[in-house]
Amino acid sequence: MRNLRSADMVCGACIGLLGLAVVVAAMNIPALMGERLPSKALPMLCGVLTAAGGFLLAIKAYRYDGEEIPVEWPDRGGWISLGVTMGGLIAYVALIELLGLPVASMLFVIGLVRYLGMGLMAGVATGLGTAVSIYLMIHYLALSFPLGVLGS
Amino acid sequence: MFFSVDLLMQGFGAALSPENLLWAFVGCFVGTLVGVLPGIGPSSGIAILLPLTTFLPPTPAIIMLAAIYYGAMYGGSTTAIVVNIPGEASSVPTALDGYEMAKQGRAGAALAISAISSFVAGTVSLLGLTFFAPTLASFALYFGPPEYFALMIMGLSLVVSLAGKALLKGLVSAILGLTASLIGQNPLTGACRLTFGCEDLMAGVNFISVIIGLFALGEVFCNVEQKVTYILDNRKIEWMPKWVDVYRCRWVMLRSSVIGFFMGLLPGCSPAVTTFVAYDLEKRLSKTPERFGRGAIEGVAAPEGANNATSSGGFVPLLAFGLPTGPALAVLLGGLMMYGLQPGPLLFQSNPSFVWAIIASMYVGNVICLVLNLPLVGMWARISLIPFPILGPLILVFSVIGAYSIRFMLFDVWVTLVFGVVGYLMRKMKIPMAPMVLASVLAQMLETSLSQSLLISRGSWSVFFTRPIACVFMALAIGSIVRGLWVQYKTGGPEALADGDD
Amino acid sequence: MKCRFHALAKLSVFFLLCAVLLTGVQAHAADKFPTHPLTYVVTFDPGGQSDREARRQQPHLQKLLGQQVIVDYKVGGGGAVGWKELTKTKPDGYSFYSINTPHIILQPMQQDVGYKTEQIVPVAMFQSTPLGVAVPADSPYKTMKELLEAAKKEPGALSMGGSAAFSGHHLATLRLEKLAGVSFSYVPFTGSAPQMTAALGGHVDVVFANSDDLVRFKDKIRVLAFSSAERFPHFPDAPTLKELGYDMVDSIDRGVGVPLNTPAEAIATLEAAFMEIARNPDIQKEMRDQGFVPLALGHDASVAYIKKVSAEYAELAKSIKK
């Protein structure tokens, strides 16, 4: 995975397998009456093309013998920042319905702003600002975002 | 038969009355806001304000609602340019070059050219609406399922040029986009497919999720990993476009107006197709196509112009037949009917003062939008000066809100996160993203029009070549694929493994 | 370490606040329904029949219920996405969803769509659109008889446009085919706007369409017959299918529903509000002018109606499958 050749091989193989899975899933789509284009035709076609494209990519990368092109994967620190951001994002989305959009957004923004290296004041100010503007938007435009703990 | 100078002048008289002017301004202002805010699109914006208009007489009410509609088109490009969040599919091509410009410190220029181009195209297509509405209205009716299918195939053929030199990767990206869009229920029969037993997947993958995930989240992930402090590459800021930029885009604006206007006449043709076609045309006509995707100002002017021209074009079938070309216009139609105004040729005869006041107000409204948006350019552009540790989390929050508001389902947000990771990986592997977006936008129309065409033709595929309009699009599609492959063959020789420059 | 402690302290204060708020809510709940804003979920695109009815009712509902009513959209799968959510939503009466027959009956009959007809409790039904058979104004077919003869001569040669497959339009087509011994090629569209566009452009030969759409395009189409029990007032010259000897009455009926286990008191309050609006003569007149048929079926009547229609469709579906 260090250079683009091996990355392409792995990626191509994965896409190829995905395509095969789609083909298998498409085979189970039942036909309906009066159809000129069977329900399974397009999913099947897409599956076959995905598989073909994926494996072709892998083969092409395998036969490539030109200059080695590195893939810029992050360093250890980069992986950690990325992991924390993604983890935070997942936690945020998972908490939206429980805490409501304004509060969950506020906690997420405060947390991430702090983590990415800004001061506490900046984090809290941004978070509060976000929460208040989201709350006002929901309230005055009567949008149906979850309000969670703020809802009554 | 409908047009007369007197009626248009009367219309302008009515549109410029203080009351109507005020409501047009309110509409433009709200529309711009609606366009900028994630989580609220033009159709929900109009729907929310519809009940509030009951205290107004019909003319100012419809003037305001129409202004919200085209005003939102002005605002829609802002987030695409400044923070790489295209709020709707039609602003994806704008993000391709607009965000690059923002990173180069030229956000102001990009925003300004998008407002100017929107204004020019909006006005040009209004001329079309004014003079040719009755003649052109039937244009929409020539398009049956086979024509739509051929049009979609033509749209799909753009993948070849969007993929740049990484043709195979571009094709894989497109086909993945198509497959993802097939997940869920068949739009016509409701039959489930590719859900792998997961009930949630029945709702399907919405292309807005794909777009926000790939563009906005993917970009933030990359920035986080590299510990970016500012999204700007340098600190040299250019707030306004130079006149020479505007001058350079003059033909771009006119061409995209024409494309946008004609494609806007078609009910069921997604504005995203229009903007991609306009973008691609400019890339092909340009003497320096390699600048596209790297911050070419024409790459912002073209889709934005086409976008606005589409919105004015949509009023032709709406006023002439009562056929809405999209959800936002359908709500507007509901508004007309609330006042007992039945759109159609009869409306032009029985209520000419109303119709012409609306059309005249749209000219005025376009001026208002321009005047309203240009001064804001500096303010929006300064967003790129916010340090990334603050901006990044905000972009993520805005993306989540935008994704949630597609259908107000958390499911769409999860899908967006998945595509965020996909977008990150695609950036690393140098797989072009535009083909995936285009394919996912076209997928539904492609599928429904194909199956309808085959039902009408009773299973014969020749229908796509025997009907003249369909045949022309098919020929264009095939021509563009062949030409694309030929150019590749001539220039690149064997495809360079790494070169995914789009 | 200090920073984390800080966060912990803040978090606990925050949860305390939540608890206080929650108890406040609990205390409120004892009051009479409704005590806070309600959500009216439309399961079809804005601008469609369900949405227009909801927008018409919204201000009246707010007045009658004394609370804000928010109109919201859950669109997809011909309504299935919204109805699946209906069955999962909190049964407190604060969210009610627009429902359509025969959609809510046909969809679960056809396949697993994530909800069952019995899981939807109708509150009231208030809007109906009988279905009409129409051809473009320049079509060679002047009467229903001519059309059916042509369809009989060459089975499947005529294309019949409708909105979605296995929908009211589709079932009406199947029923007509069976009764008249003919066959059409049924072409489904993604909604009534594209359906009518195709009809006006002559891309399909004939459509089975909702009455309000037919009224809207009155001067561009010719209505050959109506599936209502009596002649439709906007088209007094079009015979009913019954008059022509085909015993079928088909319409699409719209109302609102709530999930199972919703308190009877909440249903009764909502029902009363909807019925009062449905019985308002001004609203009824507005609906008729737009080509709708106003209904006023309360909770019990709607339950009975859905049960009756379900039995009919079950029989039809069985006879088609053979």
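The values are calculated or read from the model by the stated rules, or taken from the named source; none is laboratory data. Here the structure is a predicted model, which is why all the values come from computation and not from measurement. Cβ coordinates were reconstructed from backbone atoms using ideal geometry, including for glycine residues, and neighbour counts include every protein chain displayed.
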query: In the list C:253, C:213, C:247, which residue meets the criterion of being touching a helix residue (DSSP H, G or I) at 6+ places or on another chain (Cβ under 9 Å), touching a residue at least 60 places away in the same chain (Cβ under 8 Å), of a type outside the set (A, V, I, L, M) and in a loop (DSSP other than H, G, I, E, B)?
result: C:247
task: State yes or no: is residue C:249 surrounded by fewer than 23 Cβ atoms within 10 Å (Cβ to Cβ), of a type outside the set (Lys, Arg), touching a Gly at 6+ places or on another chain (Cβ under 7 Å) and over 18 Å from residue C:93 (Cα atoms)?
output: no
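From C:238, C:209, which residue is closer than 25 Å to residue C:126 by Cα and either at pLDDT 95 or above or more than 24 Å from the chain's Cα centre (by Cα) (or both)?
Numbers: C:209 fails: either at pLDDT 95 or above or more than 24 Å from the chain's Cα centre (by Cα) (or both).
Result: C:238 is the single residue among C:238, C:209 that is closer than 25 Å to residue C:126 by Cα and either at pLDDT 95 or above or more than 24 Å from the chain's Cα centre (by Cα) (or both).
Just the residues that are touching a Phe, Trp or Tyr at 6+ places or on another chain (Cβ under 8 Å) and buried (at least 22 other Cβ atoms within 10 Å of the Cβ), please, taken from segment A:104-126. Lay out the reasoning, then the answer.
Pass one, segment A:104-126, residues touching a Phe, Trp or Tyr at 6+ places or on another chain (Cβ under 8 Å): A:104-105, A:107-108, A:116.
Selection gives A:104, A:105, A:108, A:116.
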- request: Scan segment C:295-322 for residues that are touching a Lys or Arg at 6+ places or on another chain (Cβ under 7 Å) and more than 30 Å from residue A:31 (Cβ to Cβ) and report the count.
  value: 1
message: So in segment C:216-244, with the set limited to residues that are touching a residue at least 24 places away in the same chain (Cβ under 8 Å) and assigned to a strand (DSSP E or B), which one is nearest to the other protein chains (Cβ to nearest Cβ)?
response: C:221
message: Being at the interface with another protein chain (Cβ under 9 Å from one of its Cβ atoms) and not hydroxyl-bearing (Ser, Thr, Tyr): is that true of residue A:108 here?
response: yes
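Sort through B:408, B:348, B:354 and tell me the only one that's surrounded by fewer than 23 Cβ atoms within 10 Å (Cβ to Cβ) and within 14 Å of chain A (Cβ to nearest Cβ).
Criteria check complete, one pass: B:408.
What residue, of C:106, C:179, C:147, is out of contact with any strand residue (DSSP E or B) (no Cβ under 8 Å at 6 or more places or on another chain), assigned by TED's automatic domain parsing to the domain that holds residue C:219 and in contact (Cβ under 8 Å) with a residue 40 or more places away in the chain?
Working: C:106 fails: assigned by TED's automatic domain parsing to the domain that holds residue C:219; C:147 fails: out of contact with any strand residue (DSSP E or B) (no Cβ under 8 Å at 6 or more places or on another chain).
Selected residue: C:179, the only one of C:106, C:179, C:147 that is out of contact with any strand residue (DSSP E or B) (no Cβ under 8 Å at 6 or more places or on another chain), assigned by TED's automatic domain parsing to the domain that holds residue C:219 and in contact (Cβ under 8 Å) with a residue 40 or more places away in the chain.
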- line: If we keep only residues of segment B:13-65 that are within 17 Å of residue B:366 (Cα to Cα) and not in a helix (DSSP H, G or I), then the residue nearest to the other protein chains (Cβ to nearest Cβ) is B:17
statement: Reported set for segment B:397-412 where residues are in contact (Cβ under 8 Å) with a residue 40 or more places away in the chain and assigned to a helix (DSSP H, G or I) is B:398, B:399, B:401, B:402, B:403, B:404, B:405, B:406, B:407, B:411, B:412
task: Tell me which residues, restricted to segment C:62-88, are more than 19 Å from the chain's Cα centre (by Cα) and away from every other protein chain (no Cβ under 11 Å).
output: C:63, C:64, C:65, C:66, C:67
statement: In segment B:235-258, anything surrounded by 24 or more Cβ atoms within 10 Å (Cβ to Cβ) and aliphatic (A, V, I, L, M) is listed as B:252, B:253
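Determine which member of the set B:204, B:170, B:190 is buried (at least 24 other Cβ atoms within 10 Å of the Cβ) and closer than 17 Å to residue A:50 by Cβ.
Going through B:204, B:170, B:190 in turn, just one is buried (at least 24 other Cβ atoms within 10 Å of the Cβ) and closer than 17 Å to residue A:50 by Cβ: B:170.
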message: Looking at segment B:223-264 only, could you name the residues that are of a type outside the set (Lys, Arg) and out of contact with any Gly (no Cβ under 9 Å at 6 or more places or on another chain)?
response: B:230, B:243, B:244, B:245, B:246, B:247, B:251
query: residue B:459 is checked against (1) surrounded by fewer than 20 Cβ atoms within 10 Å (Cβ to Cβ); (2) facing another protein chain (nearest Cβ under 7 Å); (3) in contact with a helix residue (DSSP H, G or I) (Cβ under 9 Å, 6 or more places away or on another chain) and fails just one. What number does that condition carry?
result: (3)
task: Identify all residues within segment A:42-99 that are among the hydroxyl-bearing types (Ser, Thr, Tyr) and facing chain B (nearest Cβ under 10 Å); write none if there are none.
output: A:50, A:64, A:81, A:85, A:92
message: Contact list please: Cβ distance under 7 Å, first residue in segment A:15-44 and buried (at least 16 other Cβ atoms within 10 Å of the Cβ), second residue outside any helix (DSSP H, G or I) and of a type in the set (S, T, N, Q), pairs at least six apart or on different chains.
response: A:29/A:39; A:32/A:39; A:32/B:189; A:39/B:186; A:39/B:189
message: Just checking, does segment C:267-284 include any residue being among the β-branched types (Val, Ile, Thr) and under 16 Å from residue C:120 (Cβ atoms)?
response: yes
- prompt: Restricting attention to segment B:319-336, does a residue exist that is closer than 15 Å to residue B:137 by Cα and over 29 Å from the mean Cα position of the chain (by Cα)?
  reply: no
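Condition first: aliphatic (A, V, I, L, M), under 23 Å from residue B:73 (Cβ atoms) and at pLDDT 85 or above. Now tell me which residues in segment B:120-157 satisfy that.
Result: B:120, B:121, B:124, B:126, B:127, B:129, B:151, B:152.
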task: Answer yes or no as to whether residue A:124 is more than 9 Å from every other protein chain (Cβ to nearest Cβ) and within 30 Å of residue C:68 (Cα to Cα).
output: no
- prompt: When the residues of segment C:178-203 are filtered to those that are in contact with a Ser or Thr (Cβ under 8 Å, 6 or more places away or on another chain) and of a type in the set (Val, Ile, Thr), which remaining residue is surrounded by the fewest Cβ atoms within 10 Å (Cβ to Cβ)?
  reply: C:190
